[in-house]
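One structure is given below, encoded as structure tokens.
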Amino acid sequence: METINKCSTNDHVIKLGNGKFIRVRETLPKEETYDRNNTIIIASGFARRMDHFAGLAEYLSSNGFHVIRYDSLYHVGLSSGSINEFTMSAGKESLLFVINWLNSRNITKFGLIASSLSARIAYEVAQDINLSFLVTAVGVVNLRDTLERAFKYDYLQLGIKDLPDELNFKGHKLDAEIFVTDCFNNNWETFESTKEKTKNLEIPMILFTANRDDWVKEDEVIELVNNIKSNKSMIYSLIGSSHDLSENLVVLRNFYQSVTRAAIALDNGSTVIDIEFIEPQFERLTAVTVNERRLKNKIEGESISVV
């Protein structure tokens, strides 16, 4: 199923069987821009929908990229499932479904942009999915430590039967037993597990930290990069930013600009981001954001009518 609007953004539904589906947004490269080697996949952070990244998609498409965004299963957004059942493995499964869907459309060269919790998923699968490059922003490398900082308590120290029924994360309630059991059963929680998954990566990576990030330790990001056997990674800092990259327009614009530069550099085989790029007009960004929200509301309204 596809819906095409006038803003060169196409809406797709990946049907998975058993009534499940993943909703995808495809933003086409602007005309008369540079030809790029790779499609870009954007994996949203926890409690972020794909329409929250409409502005970043506009930046990337204005600079010649074909951009894919999606809402994860069991998450906020338009895909199947409720966020109370979200797990890291569900996030991983969603990303792999999207990549398989792209491969079925003969799209086999892509870079991945992942933020916050989705970066931990990206580190998990990067070795296995034939990426051209990876960009992470405030990417979680030590899940247990980040969760403790977010919840202000280390719930993973408790036995499963001692957990509360729910964990309230950014205003969203997770089923504690489902989430924590998945963390332990699939080895998501430790810093050592992230280091183990990334140590043999051969792809170029750019990792953005934020100097006011209270949830991710910059020294652990540095240690992660130093543990990678290849020498193809670079760390940059988003000065003035916290873990919330949309906390104000200055921070958000810096994020868009920096990640766009990173994508262009990596697409050209470099990790040096001091390069020129095209910046879309503010009015264009506003129009795109409004249109995305309207489309989301329209789809949600149609779903309610069906129910």
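The values are calculated or read from the model by the stated rules, or taken from the named source; none is laboratory data. What you are looking at is a predicted structure, and each value in this text was computed from that prediction instead of being measured. Positions of Cβ are backbone-derived with ideal geometry, glycine not excepted, and every protein chain shown enters the neighbour counts. Ligands, DNA and RNA are stripped out before the accessible areas are found, and what is left, the full protein with its side chains, is counted by its heavy atoms. Shrake-Rupley method; radii C 1.70, N 1.55, O 1.52, S 1.80 Å.
Considering only C-alpha atoms, what is the centroid distance from the stretch 252-304 to the stretch 11-37, in Å?
A separation of 14 Å, based on Cα centres.
Can you show me the helix-derived [θ] at 222 nm for the chain, built from DSSP H runs with n ≥ 4 at -39,500 (n - 2.57) apiece and divided by the number of residues, rounded to the nearest 500.
-12000 deg cm²/dmol
Would you kindly state how much longer the chain becomes between residue 181 and residue 96 on full extension, computed as 0.36 nm times their sequence separation minus their alpha carbon distance, in nm to one decimal?
Net length gain for the segment: 28.5 nm.
Have a look at 75, 243, 172 and tell me which one the Gaussian network model of the chain (Cα, springs below 10 Å) gives the largest fluctuation.
Of 75, 243, 172, the Gaussian network model singles out 172 as fluctuating most.
Please find the FRET efficiency linking residue 239 to residue 276, where r is the Cβ-Cβ separation and R0 is fixed at 22 Å, and quote it to the nearest 0.05.
For R0 = 22 Å, the calculated efficiency reads 0.60.
Which aspartates and glutamates, on any chain, are close to residue 173 with Cα under 12 Å apart, when same-chain ones fewer than 8 places away are left out?
Within the straight-line limit of under 12 Å, residue 173 reaches these aspartates and glutamates: 85, 165.
State the extension gain, in nm to one decimal, for the chain segment bounded by residue 107 and residue 168, taking 0.36 nm per residue of separation less the distance between their alpha-carbons.
18.2 nm
Between residue 190 and residue 246, how high is the FRET efficiency from 1/(1 + (r/R0)^6) when r is the Cβ-Cβ distance and R₀ = 41 Å? Nearest 0.05.
0.90
Which percent of the accessible area of the stretch 28-283 is formed by carbon and sulfur heavy atoms (probe 1.4 angstrom)?
Reported share for carbon and sulfur atoms: 44 percent.
Under 16 Å Cα to Cα from residue 195, which aspartates and glutamates show up? Leave out anything in the same chain fewer than 8 places away.
Once the sequence-local aspartates and glutamates are set aside, what remains near residue 195 is 124, 128, 145, 218, 219, 220, 223.
Sorted by mean Cβ packing within 10 Å, highest first, what order do the peptides 17-26, 121-130 take?
Output ranking for 17-26, 121-130: 121-130, 17-26.
Using 0.36 nm times the number of residues separating residue 284 and residue 37, minus their current alpha carbon distance, what extension gain do you get?
86.4 nm
Students often get this wrong, so try it: which of (i) 20.8; (ii) 24.4; (iii) 19.7 is Kirkwood radius over Cα pairs in Å as calculated from the structure shown?
Calculated Kirkwood radius over Cα pairs in Å: the matching label is (iii).
Using +1 on the beta carbon of Lys and Arg, -1 on that of Asp and Glu, and nothing else charged, what's the dipole of the stretch 28-283 about the Cα centre, debye to 20?
Taking the Cα centre of the stretch 28-283 as origin, the dipole is about 380 debye.
Express the accessible area of the chain per residue in Å², computed with a 1.4 Å probe while the remaining protein chains stay in the model.
Details: 14060 Å² over 307 residues.
That works out to 46 Å² per residue.
Return the percentage of antiparallel bridges among DSSP beta bridges fully within the chain, rounded to the nearest 5 %.
If I count the DSSP bridges inside the chain, around 45 percent turn out antiparallel.
Residues in the stretch 245-270, backbone N under 20 Å from the label point at residue 202 (7 Å along the Cα-to-beta-carbon vector): list them, ranges by number please.
Residues 266-270 qualify, since their backbone N sits under 20 Å from the label point.
To the nearest 20 Debye, how big is the dipole of the stretch 35-111 about its Cα centre, given +1 on the beta carbon of each Lys and Arg and -1 on that of each Asp and Glu?
Charge dipole, the stretch 35-111, about its Cα centre: 160 debye, nearest 20.
List the lysines whose Cα sits under 26 Å from the Cα of residue 15, skipping any in the same chain fewer than 8 residues away.
6, 92, 109, 296, 298
Report the one residue of 97, 208, 132 whose Cα lies farthest in the direction of the positive end of the charge dipole of the stretch 28-283 (charges on C-beta: Lys and Arg +1, Asp and Glu -1; origin at the Cα centre).
132
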